[in-house]
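In what follows, a single structure is set out as structure tokens and then discussed.
Throughout, read-outs are computed from the coordinates displayed, never taken from laboratory work. Just so we're clear, the structure is a prediction, and the values are computed from it rather than from any experiment. Positions of Cβ are generated from backbone atoms using ideal geometry, with glycine treated the same way; all protein chains shown enter the neighbour counts.
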Amino acid sequence: MYKRSFVSAGLLCLLYLSVGGAQYPVLDMVAQKVIQKYQQATCEQLWNQKNQPKSAKEQEVIQMLRSDPQMRAAFINQVAAPVANKMFECDMIP
Amino acid sequence: MILGIQCFNCSHSVASNAAQLFESSEMCTIVPEGNIPMNRKMKSQVWSLCFLVVSLLFALSQLGAQQEKVAAFKQALARNQQALHQYQWLETTIISLKGEEKSRVQKQCFYGPDGSVQKQQISAPAPQEPDGRVRGRIKERKKEELTDYMQGVAALVHQYVPPDSQRIQATEAAGNLSLSPAGPGTARLDLHSYLKPGDLLSLNVDSGSNAMQKITVQSYMDSPKDAVSMNVTFAFLPSGISYPSNIVLDAPEKKIQVVVQNSNYQINPAAPLPAQAQVIPAARQPTQAQRVVAAPGQQVAPSSAGSQFPMLDLVASTVVVKYQQATCEQLWNQKSQPKSAREREIIQMLRNDSEVRAAFMNQVAVPVVNKMFDCDMVP
């Protein structure tokens with residue numbers, strides 16, 4: 001009983017750690033998709049996309065990122081370099 | 001204090017829920033022979049231990065978040081300060097004694113090669129009326145005392161404004177820094193004993209851009225009896241750089257008020273320009289951090305302070321500050337505006353040299369994309 005209690009307590013701590021340190025696997029996929037989109041698009045396509053409305057799914061993902069600062073930071077960290085590079089190539093920044 | 005309460009509540013609920021589950025499952029479990037049933041006290045100790053561990057982990061994660069926020073603010077502060085080095089401005093100092101204006105002096109200010117602010121007086125103090133010999137001596141002595149005091153006050157102002165990153169670091173290390181919300185989109189950093197024991201420096205910062213909005217200081221001259229308070233409000237240049245536009249210092253003990261107004265910010269033609277020849281040193285070794293930018297999908301640091309391209313850092317700082325402090329409307333409008341000759345020159349330089357470009361991107365990518373996300377410009 002004593003042993004089992006310790007195991008349970010340990011599991012609870014592990015659960016906390018795993019939840020706290022989650023790496024958002026779905027988000028990683030979304031980030032990869034965004035990176036791919038930017039890398040494969042021509043500059044003209046990127047310019048045109050700016051004026052097009054976003055799909056419901058895209059809006060949902062964006063809303064999710066806006067409501068979770070940690071998830072957003074993880075996402076931005078992944079996409080920032082390739083997106084900024086492409087936008088620089090296309091004269092969209094700085 | 002708030003942190004402690006949050007930590008306790010959350011951890012307590014987790015622990016108690018889990019405890020209930022454990023309790024209920026125990027009712028259906030047959031204890032194997034040889035196992036010693038745990039007494040209530042021991043069970044309570046185990047759960048207390050777990051509760052402590054979870055509380056500690058939660059507190060650590062909260063502390064980490066605060067440290068990240070403070071670090072981001074220090075970076076933004078350093079960038080803004082660096083960008084300000086390109087400007088010259090007009091400083092008007094008005095000194096009032098017992099509510100009566102005693103002097104008004106204007107100075108042209110700019111940063112010297114050593115990084116310190118240089119000042120050239122451009123307006124003479126008001127002429128004094130002639131007094132009798134005795135009365136004149138008394139007045140002269142009082143004036144000297146007041147001048148000494150004012151010099152001390154001026155020195156004190158500059159020790160608080162702009163806030164020094166190293167002092168912030170030291171205050172944080174001493175556990176005297178607290179972060180709390182101060183209205184929508186604003187965070188407040190309270191730094192106790194920042195410069196002197198018992199003083200308080202409070203910084204209101206934009207939570208998104210980390211731009212400084214307001215500073216308040218409660219301090220004193222030689223002794224806590226000689227209290228001084230200071231209020232600093234910030235304004236923004238069209239380039240998005242923030243500057244202390246109005247500083248009001250009150251010394252109630254001496255019935256003195258000092259108002260410093262900074263205005264007419266213009267690019268200083270004598271300030272070093274980020275020319276290509278200055279940016280690219282003869283020999284350079286790109287760091288790993290700089291290389292990763294070229295590799296898609298890799299993580300990058302928000303900035304690489306102190307990189308090997310010091311002038312490029314200045315350009316990157318200016319770009320970051322511009323993006324962070326511009327409104328979304330301004331950013332959208334900028335897209336359709338033609339670039340200046342200077343901007344085109346810098347862009348060309350970045351296109352010509354992949355290493356310089358990588359170093360530049362390393363610094364600007366995260367804050368620029370973050371802002372563009374805010375403005376619905378990416379993804």
Per-residue Cβ counts within 10 Å, from other chains only, averaged over B:355-364: what number is that? 2
Treating only Lys and Arg (+1) and Asp and Glu (-1) as charged, each at its beta carbon, one finds that the stretch B:140-207 has a dipole about its Cα centre, in Debye to the nearest 20, of 80 debye
Cα-Cα over 18 Å: which of B:LYS107/B:LYS196; B:LYS119/B:LYS214; A:LYS50/B:LYS335; B:LYS102/B:LYS225; B:LYS119/B:LYS255? B:LYS107/B:LYS196; B:LYS119/B:LYS214; B:LYS102/B:LYS225; B:LYS119/B:LYS255
Peptides B:354-366, B:245-257 ordered by average Cβ neighbours within 10 Å, highest first: B:354-366, B:245-257
Please compute the average number of Cβ atoms from other chains found within 10 Å of each residue's Cβ in peptide B:111-118. 0
Residues with amide H under 5 Å of B:GLN213's amide H, sequence separation 5 or more or different chain, H placed in the peptide plane at 1.01 Å from N; which? B:ASN204, B:VAL205, B:ASP206
A correct fewest-to-most ranking of A:MET29, B:MET212, B:MET42, B:MET221 by other Cβ atoms within 10 Å would be A:MET29, B:MET42, B:MET221, B:MET212
